[in-house]
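The values are calculated or read from the model by the stated rules, or taken from the named source; none is laboratory data. No experiment lies behind these values; they were computed from the predicted model shown. Cβ sites come from the backbone with ideal geometry, for glycine too, and all protein chains shown count toward neighbours.
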Amino acid sequence: MLAIIAAVLFLIACLINAAEVSTNDVFTSTNVMLVGLALLALHVAGIGSGWATRGRRR
């Protein structure tokens, strides 16, 4: 789930950068891209990837 959100944020950052949209200092394409990278790092670390099963299955 976090990887999908990261992909959407990368797309938004790309559109902001390509269209040269002037935004405020908080919503720049670099900041959106960094948030996407943080979400992607959390996904790779295993956070938000789903339920983990506990115990052994027989």
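Within segment 16-33, being loosely packed, with under 11 Cβ neighbours inside 10 Å and assigned to a helix (DSSP H, G or I) holds for 18, 19, 30.
Checking each residue in segment 39-49 for being exposed (fewer than 13 other Cβ atoms within 10 Å of the Cβ) and either assigned to a helix (DSSP H, G or I) or of a type in the set (Lys, Arg) (or both) picks out 41, 44, 45.
Pairs only if they're at least six apart or on different chains, beta carbon under 9 angstrom, first in segment 32-58 and at pLDDT below 75, second among the small types (Gly, Ala, Ser); list them, first residue then second. Close Cβ pairs satisfying both conditions: 48/3; 49/3; 52/46.
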